[in-house]
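The values are calculated or read from the model by the stated rules, or taken from the named source; none is laboratory data. Keep in mind the model is a prediction, meaning the values are calculated, not measured. For neighbour counting, all protein chains shown are included, and Cβ atoms are generated from backbone atoms with ideal geometry for every residue, glycine included.
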Amino acid sequence: MCPGKAIYDIILSVMESTDDRSYADKMDAQEERHEALCRRCGICCGATGEDPCESLVRSSDGRYTCAVYTDRLGPRTTRRGAIFACVTIRDVHKHGVYYPDCAYNPSQGGIA
Ligand code: SF4
Ligand code: SF4
């Protein structure tokens with residue numbers, strides 16, 4: 001291989017890894033903006049119902065968080081022991097279910 005080609009390959013690989021990093025950074029920033037939209041009302045986790053998810057936690061400011069958020073998707077249990085599937089809000093919308101004041105509702109300009 002001529003030295004010129006070797007240098008070209010190194011530059012290309014640095015550019016590609018920079019592109020990958022920049023793409024990953026963009027995706028992270030987009031994810032963060034998306035997550036920040038949530039009003040933490042807890043309605044999608046049953047906060048206003050009789051049998052909410054057992055992982056739903058009410059903070060002192062009245063907002064809700066999920067105790068297992070990064071690992072939340074899949075089978076979950078309500079406080080009374082019923083099993084259900086935790087899915088993304090996007091998947092909830094796919095089934096035609098929209099929570100009235102949810103920040104991700106298309107009617108609220110949401111981007112779920
Ligand atoms: S596991 Fe799912 S349904 Fe339960 S609190 Fe977390 S996000 Fe809500
Ligand atoms: S209903 Fe919407 S705004 Fe409220 S906690 Fe669920 S995702 Fe967030």
Response to the item:
Residue pairs within 8 Å by beta carbon, gap of at least six or interchain, first lying in region 38-54 and within 21 Å of Gly96 (Cβ to Cβ) and within 6 Å of ligand 2 (Cβ to nearest atom), second part of a strand (DSSP E or B) and at pLDDT below 95, listed first then second, are none
Discussion item. Among (1) away from ligand 2 (no atom under 12 Å from the Cβ); (2) surrounded by 10 or more Cβ atoms within 10 Å (Cβ to Cβ); (3) within 30 Å of Cys86 (Cβ to Cβ); (4) without any contact (Cβ under 8 Å) to a residue 12 or more places away in the chain, there is one condition Ser60 misses while meeting the rest; what is its number?
Written reply: (2)
Worksheet item: With Tyr8, Tyr23 as the choices, which residue is surrounded by 11 or more Cβ atoms within 10 Å (Cβ to Cβ), not assigned by TED's automatic domain parsing to the domain that holds Gln108 and not in a loop (DSSP other than H, G, I, E, B)?
Response: Tyr8
Item to complete: Could you run through region 15-72 and say how many residues are within 23 Å of Asn105 (Cα to Cα), away from ligand 1 (no atom under 16 Å from the Cβ) and either touching an Asp or Glu at 6+ places or on another chain (Cβ under 9 Å) or hydroxyl-bearing (Ser, Thr, Tyr) (or both)?
Response: 0
Practice prompt. Identify all residues within region 26-38 that are under 13 Å from the mean Cα position of the chain (by Cα) and either in the same structural domain as Tyr64 (by TED's automatic domain parsing) or of a type outside the set (S, T, N, Q) (or both); write none if there are none.
Written response: Met27, Asp28, Ala29, Glu31, Glu32, Arg33, His34, Glu35, Ala36, Leu37, Cys38
